[in-house]
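Engineer: Got a structure for you, questions after.
The values are calculated or read from the model by the stated rules, or taken from the named source; none is laboratory data. Remember, predicted model here, so these are calculated numbers, not experimental data. Cβ sites come from the backbone with ideal geometry, for glycine too, and all protein chains shown count toward neighbours. Side chains included, ligands, DNA and RNA excluded: accessible areas come from the protein's heavy atoms. Shrake-Rupley method; radii C 1.70, N 1.55, O 1.52, S 1.80 Å.
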Amino acid sequence: MSTVPRFWRHISQRYNLVGTHCSKCDEYYYPPRTICPNCRRTAQMEDHKFKGKGTVITYTTIYNATDDFKRQTPYNLAIIELDEGPRLTGQVICSPNEIEIGMKVKPVFRILGKEGDRGIIYYGTKFVPVEGSVQPITL
Amino acid sequence: MRSVSIIGAGCTRFGERWEDSLRDLVVETGIMALEDSNVSGEEIDGLYVGNMSGGRFVEQEHIGALISDCAGLSRLHVPSTRVEAACASGGLALRQAVLAVASGYSDVVIAAGVEKMTDVTGGVAADALAAAADREWECFFGATFPALYAMIARLHMHRYGTTREELAQVAVKNHHNGSMNPISQYQMEITVEKVLRSPLVADPLRVLDCSPITDGAAAVVLVPTKIAHKYSDAPIKILATAQASDTLALHDRRNITTLDATVHAAKKAFGQAGLERKDIDLAEVHDAFTIGEIAAIEDLGFVEKGEGGKAAEEGLTWIGGKLPINTSGGLKACGHPVGATGIKQAYEMVLQLRGEAGKRQVEGAKVGLTHNVGGCGGTALVHILSR
Amino acid sequence: MPAGIVSYGVYIPKYRIRAEEIARVWGESEDIAQKLNVFEKSVPDTDEDAVTIAVEAARNAVKRGFVDPARIDAIYAGSESHPYAVKPTGTIVGEAIGANHEFTTADLEFACKAGTAAVQACLGLVTANLIDLGLAIGTDTSQGAPGDALEYTAAAGAAAYLIGRENLAAEIEEFYSFTTDTPDFWRREGMPYPEHGGRFTGEPGYFKHVTSAAQGLMKKMGTKPEDYDYAVFHQPNGKFPVRVAGQLGFSKDQIEPGLVVPWIGNTYSGSSLIGLAATLDVARPGERIFLVSFGSGAGSDAFSIRVEEGIEEIRDRAPRVRDYVENVQYLDYAVYAKHKGKLRL
Ligand SMILES: [Zn+2]
């Protein structure tokens with residue numbers, strides 16, 4: 001699956017959806033990029049924390065997974081377009097019947113995987129549907 | 001640049017080759033290709049071998065030296081190079097061999113491909129294959145290869161009205177072709193109903209939408225066209241070799257239902273060959289999943305975007321149709337030993353263009369195209385071959 | 001200078017299992033729910049643990065308080081189900097809520113009362129002017145052995161409190177703790193499920209400590225039950241807090257808003273703090289809340305809390321306890337066993 005340094009290196013990016021933004025062309029990147037494909041060497045990249053709300057662009061429900069994920073089947077995987085523009089791949093926690101293209105989702109903090117019973121626990125971001133989940137009244 | 005031709009080809013039977021190791025497969029196919037091309041070991045200038053993951057499947061790297069050694073060429077110290085582009089490793093090996101001969105550096109070059117996949121469990125194999133996707137930003141969140149193609153399929157169905165039955169038709173056609181190919185992993189025909197009743201792997205894709213785990217190897221021998229007739233009565237000319245890349249992760253693509261790498265490689269290949277789409281008599285395309293063939297015939301420019309689903313159902317891509325696709329059975333039925341697939345596609349094209357494809361022969365086949373994809377479109381290779 | 005609660009947040013997983021479903025599997029009589037006054041309990045998702053639910057509760061507290069997480073100087077997370085035996089929950093929570101790295105943290109454990117101990121630790125640092133803001137969390141995905149009495153109540157939930165001096169939602173006027181060495185319930189290192197002393201957990205455990213702490217605080221402050229508008233007592237089941245309230249002279253009306261155990265079960269370190277949050281969800285400025293936690297082993301922390309003007313402004317910025325109580329999905333025992341890792345794979 002992963003290793004401790006490989007997981008650790010991306011902790012803030014995976015816990016808090018920290019990506020990058022090119023202030024030269026105003027394009028947002030998540031997962032983060034160090035080079036802006038629009039501006040390449042003239043890019044002006046800075047960290048950017050995404051709000052996390054997004055839309056399901058396409059999705060699948062996985063019934064047959066790799067060994068690391070086989071205890072979690074069936075689970076939904078989707079390509080999600082964040083409101084700021086970039087797209088990412090992530091799990092959407094809901095019934096396979098519930099997920100659909102165009103569904104609005106928001107981030108939650110979950111276990112992404114574990115290195116067996118003895119190894120470390122990989123935490124990070126998954127998504128839940130905005131409808132049908134707890135909806136606070138905002139002032 | 002010199003014109004390059006294939007003077008001989010070999011391919012092992014594809015399948016679960018329990019008795020045979022990676023080395024056995026390499027030797028088997030090497031002998032076939034050399035006998036078919038009438039070259040001696042001393043003449044060989046170079047070897048290129050496509051292999052995706054010897055490290056994960058049989059815990060063996062350094063496949064270049066290994067195959068030269070296994071083929072008995074170690075004392076000749078022939079330069080031997082492994083190339084890797086995930087499932088397009090074979091196609092890339094072919095391209096490297098073509099470039100070596102075309103440039104004038106080498107005269108007799110072998111392009112091979114090999115993958116021994118059944119020495120590990122299904123879960124390990126799935127994870128090794130998933131390494132062709134973005135490990136940090138796709139696989140880390142639970143993505144598998146079928147899942148990525150399933151997301152392409154879902155969006156294709158949503159956008160273009162492609163149906164579940166149309167996906168199944170691709171598998172039905174390719175199993176039909178495979179049943180006429182003696183090296184094919186699957187020899188049985190299937191029905192649409194059977195595809196639709198097979199277990200879900202990654203919705204909407206089912207088991208019978210997916211290519212299998214396969215052991216196999218293939219090899220072709222290349223020389224300058226100018227001297228090809230010295231070795232073969234029916235050399236096959238390589239009219240184009242093109243390669244393109246795209247983002248590693250599916251979510252970063254300009255358009256999730258279009259493999260831009262395929263579009264770009266095809267454009268370059270048709271330019272090189274000076275041909276149009278209608279000049280192609282048949283093609284072997286990368287149908288690791290049924291949606292893969294539908295997207296491929298669209299992205300290669302054979303049908304309009306969104307029209308690929310209808311092709312198999314309406315008979316266009318069957319043998320006897322206007323453009324037979326995957327006469328070998330494709331990756332779906334013939335099998336998909338990942339590193340070998342790109343070379344097997346060339347092998348099938350050699351048989352077809354020579355008129356040696358038996359029951360699945362496409363009548364009057366003169367020009368064929370092969371299309372090999374790495375990952376879900378991070379790399380694409382297109383070759384055009386003619387008799 | 002007064003100190004207290006700047007903001008609070010809770011999180012309760014949306015899955016529930018009914019007591020009668022557990023009773024069906026183990027052949028218990030169907031009126032077990034009435035006997036315990038616990039009708040259903042919360043169950044974490046397969047990818048939730050004490051850390052993930054602590055993060056959700058803490059994010060709600062930050063959101064409700066409009067607080068810059070960089071201001072947080074201390075994080076104390078109390079739990080009896082920290083996913084790591086060694087490796088702090090607090091570090092993960094700190095990173096996940098975007099606290100800068102200038103904070104102190106350590107994990108606490110005291111059965112069901114480590115959450116209120118975390119409140120005390122933060123309060124001490126805050127009132128001593130050593131820190132600006134502290135984050136105190138009670139979080140648990142508690143375990144009950146299959147078929148054990150605990151299985152009907154052991155639930156999952158978390159509550160997080162931002163403790164500070166400015167913009168108070170509620171002032172913590174005073175606290176009093178009562179602690180003895182009483183082995184009524186324990187879990188040995190490396191063991192998956194706790195053990196308990198059966199009926200011994202009652203009088204010598206829960207009742208003795210809750211009563212002593214409650215009376216001790218009222219004596220210290222010179223207050224009486226009538227001086228409080230609300231009371232929250234630790235809720236291992238639905239019977240004990242009702243009975244202890246009666247013994248101490250508190251009315252049913254006083255405990256009713258905070259009595260959430262019949263619908264979510266015992267959330268252990270989260271229990272009394274979720275009860276407090278449910279009370280803060282409805283309390284008005286000027287009202288007073290009496291809170292007593294209990295942790296086996298054993299001890300109780302009693303608090304006297306006065307609701308401040310700030311509560312009205314922040315209350316609706318994050319989900320209330322009721323939002324989590326009402327939004328549920330029921331599991332059968334088989335799926336519940338999968339969620340709780342009771343299937344040995
Ligand atoms: Zn830029």
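Engineer: Go through the range B:40-65 and report how many residues are in contact with a Lys or Arg (Cβ under 7 Å, 6 or more places away or on another chain) and assigned to a helix (DSSP H, G or I).
Structural biologist: The total comes to 3.
Engineer: Would it be correct to say that A:ARG9 is under 16 Å from B:GLU136 (Cα atoms) and either over 11 Å from the mean Cα position of the chain (by Cα) or away from the ligand (no atom under 16 Å from the Cβ) (or both)?
Structural biologist: For A:ARG9, the condition - under 16 Å from B:GLU136 (Cα atoms) and either over 11 Å from the mean Cα position of the chain (by Cα) or away from the ligand (no atom under 16 Å from the Cβ) (or both) - is met.
Engineer: On to the next question. Of all residues being hydroxyl-bearing (Ser, Thr, Tyr) and open to solvent by 40 Å² or more (accessible area, probe 1.4 Å) in the range A:12-29, which is farthest from the ligand (Cβ to nearest atom)? Just the residue, please.
Structural biologist: Out of the qualifying residues, it is A:SER12.
Engineer: Give me the residue from the range A:70-97 that is basic (Lys, Arg) and within 7 Å of chain B (Cβ to nearest Cβ) and, out of that set, surrounded by the most Cβ atoms within 10 Å (Cβ to Cβ).
Structural biologist: Among them, the one singled out is A:ARG87.
Engineer: Residues of the range B:111-121 being surrounded by fewer than 20 Cβ atoms within 10 Å (Cβ to Cβ) and of a type in the set (A, V, I, L, M), which ones?
Structural biologist: Selection gives B:VAL120 alone.
Engineer: Any idea which residue in the range B:122-163 is most open to solvent (accessible area, probe 1.4 Å), counting only those that are β-branched (Val, Ile, Thr) and more than 8 Å from every other protein chain (Cβ to nearest Cβ)?
Structural biologist: Taking the candidates together, the pick is B:THR163.
Engineer: Would the range B:354-363 turn up any residue that is small (Gly, Ala, Ser), surrounded by 24 or more Cβ atoms within 10 Å (Cβ to Cβ) and touching an Asp or Glu at 6+ places or on another chain (Cβ under 9 Å)?
Structural biologist: Checked against the condition, which is being small (Gly, Ala, Ser), surrounded by 24 or more Cβ atoms within 10 Å (Cβ to Cβ) and touching an Asp or Glu at 6+ places or on another chain (Cβ under 9 Å), the range B:354-363 yields no hits at all.
Engineer: Of the residues that sit in the range A:30-39 and are open to solvent by less than 30 Å² (accessible area, probe 1.4 Å) and within 9 Å of the ligand (Cβ to nearest atom), which one is nearest to the other protein chains (Cβ to nearest Cβ)?
Structural biologist: A:CYS36
Engineer: How many of the residues in the range C:35-56 are under 15 Å from A:LEU112 (Cβ atoms) and more than 11 Å from every other protein chain (Cβ to nearest Cβ)?
Structural biologist: Counting residues in the range C:35-56 that are under 15 Å from A:LEU112 (Cβ atoms) and more than 11 Å from every other protein chain (Cβ to nearest Cβ) gives 0.
Engineer: Can you tell which of C:THR141, C:THR105 is at pLDDT 95 or above, more than 30 Å from C:GLY238 (Cβ to Cβ) and open to solvent by 10 Å² or more (accessible area, probe 1.4 Å)?
Structural biologist: C:THR105 is the lone residue from the list that is at pLDDT 95 or above, more than 30 Å from C:GLY238 (Cβ to Cβ) and open to solvent by 10 Å² or more (accessible area, probe 1.4 Å).
Engineer: Output the residue which, of all residues in the range B:364-387 that are over 13 Å from B:ALA85 (Cα atoms) and not in a strand (DSSP E or B), is least open to solvent (accessible area, probe 1.4 Å).
Structural biologist: The qualifying residue least open to solvent (accessible area, probe 1.4 Å) is B:ALA365.
Engineer: Something else now. When the range B:120-145 is examined, which residues are found to be in contact (Cβ under 8 Å) with a residue 24 or more places away in the chain, farther than 16 Å from B:LEU259 by Cβ and either in a helix (DSSP H, G or I) or in contact with a Pro (Cβ under 6 Å, 6 or more places away or on another chain) (or both)?
Structural biologist: Correct list: B:GLY122, B:VAL124, B:ALA125, B:ASP127, B:ALA128, B:LEU129, B:TRP137.
Engineer: Oh, and also: Of all residues being more than 10 Å from the ligand (Cβ to nearest atom) and more than 15 Å from A:PHE127 (Cα to Cα) in the range A:40-64, which is most open to solvent (accessible area, probe 1.4 Å)? Just the residue, please.
Structural biologist: Selected residue: A:ARG41.
Engineer: Pairs under 9 Å by beta carbon, first residue assigned to a loop (DSSP other than H, G, I, E, B) in the range A:30-53, partner open to solvent by 80 Å² or more (accessible area, probe 1.4 Å) and more than 10 Å from the ligand (Cβ to nearest atom), six or more apart or different chains?
Structural biologist: A:PRO32/A:ASP47; A:ILE35/A:ARG41; A:ALA43/A:THR34; A:PHE50/A:ASP83; A:LYS51/A:ASP83; A:GLY52/A:ASP83; A:LYS53/A:ASP83; A:LYS53/A:LYS104
Engineer: Step by step: first the residues of the range B:180-225, then only those that are free of Cβ contacts under 8 Å to residues at least 12 places away in the same chain and farther than 28 Å from B:LEU34 by Cβ, then the one that is nearest to the other protein chains (Cβ to nearest Cβ). Which residue is that?
Structural biologist: B:LEU200
Engineer: If you don't mind, another one. Which members of the range B:68-110 meet the condition of being surrounded by fewer than 18 Cβ atoms within 10 Å (Cβ to Cβ), modelled with pLDDT under 95 and in a loop (DSSP other than H, G, I, E, B)?
Structural biologist: B:GLY72
Engineer: Could you please give the count of residues in the range B:32-63 that are closer than 24 Å to B:TYR231 by Cβ and free of Cβ contacts under 8 Å to residues at least 40 places away in the same chain?
Structural biologist: 4
Engineer: Residues that are at pLDDT below 95: which helices (runs of 4 or more DSSP H) entirely in the range C:289-345 hold 3 or more of them?
Structural biologist: Once the helices (runs of 4 or more DSSP H) in the range C:289-345 are filtered for at least 3 residues that are at pLDDT below 95, what remains is C:333-339.
Engineer: So, A:GLU100, is that one open to solvent by 50 Å² or more (accessible area, probe 1.4 Å) and in contact with a His (Cβ under 6 Å, 6 or more places away or on another chain) or not?
Structural biologist: no
Engineer: Just the residues that are more than 10 Å from chain C (Cβ to nearest Cβ), open to solvent by 20 Å² or more (accessible area, probe 1.4 Å) and either under 24 Å from B:ASP252 (Cβ atoms) or of a type outside the set (D, E, K, R) (or both), please, taken from the range A:108-129.
Structural biologist: Hits for the range A:108-129 are A:GLY116, A:GLY119.
Engineer: Now a separate question. Any residue that is outside any helix (DSSP H, G or I) and open to solvent by 10 Å² or more (accessible area, probe 1.4 Å) - is there at least one of those in the range C:209-223?
Structural biologist: Within the range C:209-223, one or more residues are outside any helix (DSSP H, G or I) and open to solvent by 10 Å² or more (accessible area, probe 1.4 Å).
Engineer: Counting residues that are charged (D, E, K, R), which helices (runs of 4 or more DSSP H) fully inside the range B:284-358 reach at least 2?
Structural biologist: B:290-299, B:308-313, B:338-354
Engineer: Looking only at strands (runs of 3 or more DSSP E) that lie completely in the range C:65-157, which have at least 3 residues being in contact with a Gly (Cβ under 9 Å, 6 or more places away or on another chain) and within 14 Å of another protein chain (Cβ to nearest Cβ)?
Structural biologist: C:133-141
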